[in-house]
1. Answer with yes or no whether ASN302 is at negative phi and either basic (Lys, Arg) or surrounded by fewer than 19 Cβ atoms within 10 Å (Cβ to Cβ) (or both).
2. Going by the conditions given, is VAL141 free of Cβ contacts under 8 Å to residues at least 40 places away in the same chain, of a type in the set (A, V, I, L, M, F, W, C) and over 15 Å from SER111 (Cβ atoms)?
3. Across region 99-155, which residue is farthest from the ligand (Cβ to nearest atom) among those that are under 30 Å from GLN245 (Cα atoms) and of a type in the set (Val, Ile, Thr)?
4. May I ask you to list the residues in region 92-113 that are farther than 24 Å from ASP209 by Cα and touching a residue at least 24 places away in the same chain (Cβ under 8 Å)?
5. Which residue is surrounded by the most Cβ atoms within 10 Å (Cβ to Cβ), if the candidates are limited to region 199-228 and must be under 19 Å from GLU145 (Cα atoms) and of a type outside the set (Asp, Glu)?
6. Could you say which residue among LYS220, LYS177 is free of Cβ contacts under 8 Å to residues at least 24 places away in the same chain and touching a His at 6+ places or on another chain (Cβ under 9 Å)?
7. Name every residue in region 77-124 that is farther than 30 Å from ARG191 by Cβ and either exposed (fewer than 13 other Cβ atoms within 10 Å of the Cβ) or touching a Leu at 6+ places or on another chain (Cβ under 7 Å) (or both), in order of residue number.
Amino acid sequence: MALARVSSSSLLLLLPSSTTTSSLLHSFLRPFSTSSVSTRRLSHPRSLPIDASISQASPLPPTAREEGEVAGAPRPTSRRPWKPTCLYYTQGKCTMMDDALHVEKFNHNLSMDLPVNASAADKVKPQKLDYFLVLDLEGKVEILEFPVVMIDAHSMEFIDSFHRFVRPTGMSEQRIKEYIEGKYGKFGVDRVWHDTAIPFEEVLQEFEDWIGGHKLWKQKQGESLNSSAFVTCGNWDLKTKVPEQCKVSKIKLPSYFMEWINLKDIYLNFYNRRATGMMTMMRELQIPIVGSHHLGMDDTKNITRVVQRMLADGAVIQITTRRQPDTNDVKFLFKNRIR
Ligand SMILES: [Zn+2]
């Protein structure tokens, strides 16, 4: 997860399915409106099937809101209105793609949130890698969400995404319920989580099929990623959390997790400024926040937007951290780094 001060929660709404599209209503709750959240829960009992999950725009930082900006507003370069992302779709599980109203209301194309300006792409410096896999895990006790956005390192274009909600393996059902309620209830995505989450081991199997399909990794080689690397905001995701989860899930740490790019170190060395988290980077670079902070897929998209900006500013984004396979020691490749 991108460790930064939590600005606030936002909401999300899922509506019961119906044979008529007109019944697919949604209410856009105002941030901080907890009473509306409870109303939603009461009016949409768990027994009803869910049509879609949306991620609502986070409020911008107070100063921006006071200036009258609208949360989730499209960037000046884009005239398309911002839409909440369908979190069934991001996991390959949306069953409503033939429902015109659903498709109209929810974003089923992540590249819409990651537009690339052609003149900005011209400024990208030669890179050592061809693709970046931006990753921002959620879940402190166990991993709850594994979201990855793949972009082209040279054109900055969105290529693909991989997103799974992850079901803890070392917890009771009751504990999981409480954990998910506390973590995702405020975003209104607890139901899509319960509908779709699978154990970490299965997530990795599906992820391996995905990176294999993109020719970024071969299972039999047992090697690091081919001409690509994970980009994370800090070392926590791959230095700490994934190895911990592998222990809980009783699996060997896969070879594609042995090296990564800590964007904070790249940021420090490129701009010569320390950024303690995603929110600081976005504020300093004046990039508006899209979606809900601490909803993994939205944080991943926002970190991707920071990566795109840094590339356009001329940064060379390269491996910062490597784990020694024999000793398991982690080696930091940059002298000047965030500790
Ligand atoms: Zn959908």
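None of the figures in this text is laboratory data; all of them are computed from the coordinates on show. Remember, it's a predicted structure, so these values are computed and weren't measured experimentally. Positions of Cβ are generated from backbone atoms using ideal geometry, with glycine treated the same way; all protein chains shown enter the neighbour counts.
1. Answer is no for this residue.
2. Judged against the criteria, VAL141 is a match.
3. VAL141
4. MET96, ASP99, ALA100, LEU101, HIS102, LYS105, PHE106, ASN107, MET112, ASP113
5. PHE200
6. Checking each option against the conditions leaves just LYS177.
7. THR77, ARG79, ALA118, SER119, ASP122, LYS123, VAL124, listed by residue number.
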